[in-house]
Amino acid sequence: MNRAILAAGGVTALALWSIAALSALPPADWPALPWRTSDMTVQQILLAYGLMPRGVLALLAGAALGLAGALMQAVLRNPLADPTTLGTASGAQLAIVAATIFAPDWLVAGNLPIALAGAGAATVLVMALGARRGFAPVTVTIAGMLVGLLASAVATALTLAQGHYLLSLVMWNGGSMAQVDWSGSRHMALALVPALLLAAGLARPLMVMSLGPEGAHGLGLRLAPLRFATLLLAVALSALVSAEIGLVGFVGLAAPAIARSLGARTLLQRLMLAPVAGALVLSLADGLLLAVSAAGGPSLPTGALTGLIGGPLLIWLLPRMKAQVPQRAEEGDRRSHRAARPGRLLAGLAAACLMLAVLTLFGGRGPEGWGFMPAELRETFLPLRAAAILAAASAGALLAGAGAILQRLTANPMAAPEVLGVTGGASLGYAITVMAFGGAGPMMLALGTSAGGALALAGLAGYAMRADLAPARLLLAGLAIGALASAVLGAIMASDDRSAWVILGWLAGSASQVSPPGAAALAGLALALLAALVAAARWLEILPLGGEVGRALGLPLAQVRLGLILLAGLATGAATMLVGPVSFVGLMAPHLARSMGLARAAPFCAGSWLLGAVLMLLAAFGARTASYPYDLPLGLFATLIGAPWLFIMLMKRTSA
């Protein structure tokens, strides 16, 4: 306890020093209490009601997130748990964004009730998924990050869906610490003090809980009420921070790790030191950004910098979980069947894809409602709609083909471009190309996007081979790379750089913006990928059997893996470059192909390719018609189609 008090004093002194360094006034010229704005200069007002409350709020919010992360890690026995990785913060974000757009009257009483409802709903969903597998750490973390991915995707889509750009929501989503009074600090302090007392009271029963279910029951401890109370406290703290300053990621993940590295051995010590560490992390991050802004650099929200912590920290922590994760919780379902006549099934899928393309080409929603396109408009609009449909189907085929490659390459049915960070890397590659090369042409953008996806996947593959990761940990490492890419994108989007508007339009994603030559080029790439998949069928048949079998059969594993990684990265980059980032199609299409009995490599890849085209045709049709005359982001409908299927897969129990 003394160590926590000393550390808290040191952090507070550091925060005061940073305020003095960043303010335009020396401490001798600071306004004296009581403050009266009529007697103060402009610099004194900015210091007293802007910089000072901002510094105090950074300390208090960081402490709240650190305590929330420590509580979540203790109750779930999961060193990767925090409000970001469990989707709690993203749930609060989605709730506030939805209320701001559709029911602003609900926010009259403040953001906290709405944020608490969203955070609670997301956490309940993650816990329901995790309970099916005994709250295994990796499973719970994967479920949480996927729930967070879904919530963030829907929140972004809602922000863009009304035909205008809500800049204030984007800034809030980035975790803006800007303050104009002391109300936020007062609310945070009033909540943090009782939360610390409650956490101290929960330390002993949580320590008993760490003995395991049998030991805890033997000592008369009821696990369900304890788990509920602890998570409720953690969710409330996270929701409070989200309501006050927006989405600030991964502070709750870093703070307990720092506390452990400082020598906090008992649970009570970790619960008391984690808030201090969280206050230090957020205060330093905010001070650094203020210093950069004062030096003439960009003005970024604090959450954009703290988000950079998450990816590297998750990857660093992953190998340290080996003794804590039951292997059965990490294995995929092995039950499968094989179609008796895969050729006929593939022919049926091709016919269904063609029929769906024709229906969406001529049918839809117009000024007079639902129906088919009038004959007098076909000459004008059919070429444009045909290009959009061809682009959507081709992008879906490319993403599904990349997903099929990754699932065969990793022998993991949950591998996909969006889950393994390939889509995030491709998005980051596009953004960096736009920022670095003003006015970059289509070829440069395509190369940058594809290179980003391939580099993300190559880095993940190299790390996985060095760390000897199990399949579920490989997925989590990919999600960490995706989180890192999202943090960098968030920083770019929250800046005042003009290039951010170009990236924003691309993130919105719409196949209707693709030109006929671009759609034809994308279709050619999709057909080339299909040919490459068929040619590599033997390799894809052998790779899931393991490295030893591959080497025994004379397969050049290093070259084959590198070639397939590059192929998946290029396919993802090409699809992403033209239609924007799309989630879950690369995961869902191979799952559907496998469930139809397409088990062998060649029919599996071809079936995934066709199903990806079908799914994207459905998504493009929904994006075009749901909010006519506006086009919704294409990724929104792909996410809404794929996310429920993914959650069903997570809830399935592992077979023996």
Among the listed residues 77, 36, which satisfies the condition of being touching a residue at least 24 places away in the same chain (Cβ under 8 Å) and either of a type in the set (Lys, Arg) or not assigned by TED's automatic domain parsing to the domain that holds residue 246 (or both)? 77
I need the helices (runs of 4 or more DSSP H) fully contained in region 547-595, keeping only those with at least 3 residues that are aliphatic (A, V, I, L, M). 557-579, 585-595
Between a first residue in region 194-208 that is over 12 Å from residue 74 (Cβ atoms) and a second residue that is hydrophobic (A, V, I, L, M, F, W, C), which pairs have beta carbons less than 6 Å apart while being 6 or more apart in sequence or on different chains? 195/237; 198/233
Residues of region 403-425 that turn out to be crowded, with 24+ Cβ neighbours inside 10 Å, among the small types (Gly, Ala, Ser) and in a loop (DSSP other than H, G, I, E, B), as a count: 3
Residue 221 being out of contact with any strand residue (DSSP E or B) (no Cβ under 6 Å at 6 or more places or on another chain), modelled with pLDDT under 85 and not in a helix (DSSP H, G or I): yes
For region 620-632, does any single residue satisfy the condition of being farther than 22 Å from residue 514 by Cα and either in contact (Cβ under 8 Å) with a residue 12 or more places away in the chain or assigned to a helix (DSSP H, G or I) (or both)? no
Counted residues in region 580-616 being in contact with an Asp or Glu (Cβ under 9 Å, 6 or more places away or on another chain) and on the phi > 0 side of the Ramachandran plot come to 1
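The values are calculated or read from the model by the stated rules, or taken from the named source; none is laboratory data. Predicted model only: the values in this text are computed from it and were never measured. Quick reminder, even Gly has a Cβ in these numbers, built from the backbone with ideal geometry, and neighbours come from all protein chains shown.
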